[in-house]
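Just below is one structure, and these are the notes that go with it.
The values are calculated or read from the model by the stated rules, or taken from the named source; none is laboratory data. It should be emphasised that the depicted structure is a prediction, and the values quoted were computed from it without experimental measurement. Neighbour counts are summed over all protein chains in view; Cβ atoms, including those assigned to glycine, are modelled from backbone coordinates with ideal geometry.
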Amino acid sequence: MNILILGSGGREHSLAWAVKQNPKCDRLIVAPGNAGIAEIADCADINILDGEAVAVFAEENAVDFIIVGPEAPLAAGVADRLRASGLTVFGPSAAAARLEASKTFTQEICDAAGAPTARWARFEAPGPARAHIRTTGAPIVIKADGLAAGKGVVVAMTEAEALAAIDDMFAGEFGTAGTSVVIEEFMSGEEASFFVLVDGTTLLPIGTAQDHKRVGEGDTGPNTGGMGAYSPAPVMTPEITSLALERIVRPTMAEMARRGTPYQGVLFVGLMIEQGEPRLVEYNCRFGDPECQVLMMRLGAQAFDLIQACATGQLDRIAVNWAEDHALTVVLAANGYPGTYAKGSEIRGLADLPEDSSNMVFHAGTRASGGQTLASGGRVLNVTARGATLQEARDRAYAMLDRIDWPEGFCRRDIGWRAL
Ligand code: AMP
Ligand code: GLY
């Protein structure tokens, strides 16, 4: 098969790496890709937010199957446009991707489905929002309603912080994503990410992970897209996993189908677990980044069989071949990230690393130039390893990382601390 993956991050590099190992894959194309992806696939420079352009490219290149990596093309209806051309696509419709694109929509669906989540209220003007905060007090969570690249959430520990967040959001800090604001009850507990394939009817859990969202060691400093992850997440015991599936995911998916917008693709279920009870923090309509990297490292080639069964409505005929293994990924980011950072510095030492089924450096913001690998983004590399234990995976990942020569980058040295 000719397989096209849309995206250019570490998530898409890990997807490409897994898909490439599947014997069904003849030609692999990634658009737009990055320097690491270019080593294993053809990269195509197309605008992935333009469904028409992707459809034309897919037809011209006899593409049989398309995997959409990030949320932006899904929210923009790219999967719908491709399916309208008869193409086979992994990824939800724009209507189903609203589970990520609108916080209010998700809260309404969860209320209708009876899925446990934080108490919430929506505001379209600062006055009533401020009044609400003064009555409820802190800690409290303020969210821009729309897509804000993971940055539209303020967990305010004081009332003053909460009021400042209201002012920023209504002043347009997140553009139109902030014209409507959701205020939520603060949930305490331990967070975990749960990944479920959904083909409209059948649900198939494919793994759990924990991310490290804060930039600094000990989970301090500002939020990022994620500084490292590991899988499985020990907090996701079989009991909690089954509660999350039966109380949260299944009723929400049934409600989506009932409304005529069934979900097809991977559902990223962000959970807060407290005293043995999972509650929903958020849904995302795609794999997490860097969570995908650890899932792909564990699933390997079978990932494409699962993705294909999902996109063609055959999840009831497939099972995950689980291994008793662990994977861990450490993000190398450009100095200054998540604030401003420089681009264009050279990364050395990558060519000598042992890349195999247990050790991989997945690229995110990199580009190749004259035989060199240059940093071209905030999160730049995902040093990923697998082991029989989490400790082994972690030791391997940091051993690889220490062989990379890139003074312009940094990482957290404590990825996995919660589980270890
Ligand atoms: P979100 O973009 O909704 O995932 O929010 C980003 C992060 O903010 C989450 O991963 C949590 O760490 C935190 N968060 C979001 N909503 C809540 C909540 N209601 N209570 C506590 N923490 C939250
Ligand atoms: N790592 C969190 C996310 O992908 O949203």
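May I ask you to verify whether VAL266 is within 16 Å of ligand 2 (Cβ to nearest atom) and modelled with pLDDT of 95 or more? Steps first, please.
Values: within 16 Å of ligand 2 (Cβ to nearest atom): yes; modelled with pLDDT of 95 or more: yes.
In short, yes.
Collect the residues in the range 274-286 that are in a loop (DSSP other than H, G, I, E, B) and in contact with a Phe, Trp or Tyr (Cβ under 9 Å, 6 or more places away or on another chain), keeping them in residue-number order.
Matches in the range 274-286: CYS285, ARG286.
Could you count how many residues in the range 17-36 are closer than 9 Å to PHE362 by Cβ and part of a helix (DSSP H, G or I)? Before you say what the answer is, go through the steps one by one.
First, the residues of the range 17-36 that are closer than 9 Å to PHE362 by Cβ: 17, 36.
With part of a helix (DSSP H, G or I) added as a condition, the list becomes 17.
The number of residues fulfilling the criteria is 1.
State all residues of the range 55-95 that are crowded, with 17+ Cβ neighbours inside 10 Å and farther than 22 Å from GLY313 by Cβ; if no residue qualifies, say none.
PHE57, PRO70, GLU71, ALA72, ALA75, ALA76, listed by residue number.
Does any residue in the range 263-275 that is closer than 27 Å to VAL89 by Cα come within less than 6 Å, Cβ to Cβ, of a residue that is β-branched (Val, Ile, Thr) and within 11 Å of ligand 1 (Cβ to nearest atom) six or more places away or on a different chain, and which pairs are these?
GLY270/VAL281
When ASP289 is evaluated against the numbered criteria (1) of a type outside the set (Ser, Thr, Tyr); (2) in a loop (DSSP other than H, G, I, E, B); (3) away from ligand 2 (no atom under 12 Å from the Cβ), which criterion, by number, is the only one it fails?
Just one mismatch for ASP289, condition (3).
Any idea which residue in the range 196-223 is nearest to the chain's Cα centre (by Cα), counting only those that are within 13 Å of ligand 1 (Cβ to nearest atom) and surrounded by fewer than 22 Cβ atoms within 10 Å (Cβ to Cβ)? Steps first, answer last, please.
If we filter the range 196-223 for residues that are within 13 Å of ligand 1 (Cβ to nearest atom), which is where we start, we get 209-214, 219, 222-223.
Next cut, surrounded by fewer than 22 Cβ atoms within 10 Å (Cβ to Cβ) only: 213-214, 219, 222-223.
Numbers: LYS213: 12, ARG214: 15, ASP219: 19, PRO222: 18, ASN223: 15 Å.
It comes out as LYS213.
Yes or no: THR208 among the polar types (S, T, N, Q), in contact (Cβ under 8 Å) with a residue 24 or more places away in the chain and assigned to a strand (DSSP E or B)? Steps first, please.
Working: among the polar types (S, T, N, Q): yes; in contact (Cβ under 8 Å) with a residue 24 or more places away in the chain: yes; assigned to a strand (DSSP E or B): yes.
It is true that THR208 is among the polar types (S, T, N, Q), in contact (Cβ under 8 Å) with a residue 24 or more places away in the chain and assigned to a strand (DSSP E or B).
At pLDDT 90 or above, among the polar types (S, T, N, Q) and crowded, with 16+ Cβ neighbours inside 10 Å: does that describe SER193?
yes
Answer yes if at least one residue in the range 258-271 is within 16 Å of ligand 1 (Cβ to nearest atom) and over 12 Å from the mean Cα position of the chain (by Cα), and no otherwise.
There is at least one residue in the range 258-271 that is within 16 Å of ligand 1 (Cβ to nearest atom) and over 12 Å from the mean Cα position of the chain (by Cα).
State all residues of the range 102-135 that are hydroxyl-bearing (Ser, Thr, Tyr) and free of Cβ contacts under 8 Å to residues at least 40 places away in the same chain; if no residue qualifies, say none. Steps first, answer last, please.
So in the range 102-135, the residues hydroxyl-bearing (Ser, Thr, Tyr) come out as 102, 104, 106, 117, 135.
If the condition is that a residue be hydroxyl-bearing (Ser, Thr, Tyr) and free of Cβ contacts under 8 Å to residues at least 40 places away in the same chain, then THR135 is the only one that fits.
Quick check, is ILE46 more than 17 Å from GLY265 (Cα to Cα) and either out of contact with any Ser or Thr (no Cβ under 8 Å at 6 or more places or on another chain) or crowded, with 19+ Cβ neighbours inside 10 Å (or both)?
Values: more than 17 Å from GLY265 (Cα to Cα): yes; either out of contact with any Ser or Thr (no Cβ under 8 Å at 6 or more places or on another chain) or crowded, with 19+ Cβ neighbours inside 10 Å (or both): yes.
Yes; evaluated as a whole, the condition is true for this residue.
Sort out which residues of the range 293-334 are in a loop (DSSP other than H, G, I, E, B) and among the hydrophobic types (A, V, I, L, M, F, W, C), and write them in order of number. Walk me through how you get there before you give the answer.
Filtering the range 293-334 down to residues in a loop (DSSP other than H, G, I, E, B) leaves 300-301, 312-314, 318-325.
The answer is ALA301, ILE318, ALA319, VAL320, TRP322, ALA323.
So, in the range 348-390, exactly how many residues are among the aliphatic types (A, V, I, L, M), crowded, with 19+ Cβ neighbours inside 10 Å and more than 21 Å from ARG412 (Cβ to Cβ)? Break it down stepwise before answering.
First, pick out the residues of the range 348-390 that are among the aliphatic types (A, V, I, L, M): 350-351, 353, 360-361, 364, 368, 374-375, 380-381, 383, 385, 388, 390.
Subset that is crowded, with 19+ Cβ neighbours inside 10 Å: 350, 360-361, 364, 375, 380-381, 383, 385, 390.
Then keep just the ones that are more than 21 Å from ARG412 (Cβ to Cβ); that gives none.
Counting residues in the range 348-390 that are among the aliphatic types (A, V, I, L, M), crowded, with 19+ Cβ neighbours inside 10 Å and more than 21 Å from ARG412 (Cβ to Cβ) gives 0.
Only one of these is of a type outside the set (Asp, Glu) and crowded, with 16+ Cβ neighbours inside 10 Å: ARG119, ARG98. Name it. Walk me through how you get there before you give the answer.
Numbers: ARG119 fails: crowded, with 16+ Cβ neighbours inside 10 Å.
Criteria check complete, one pass: ARG98.
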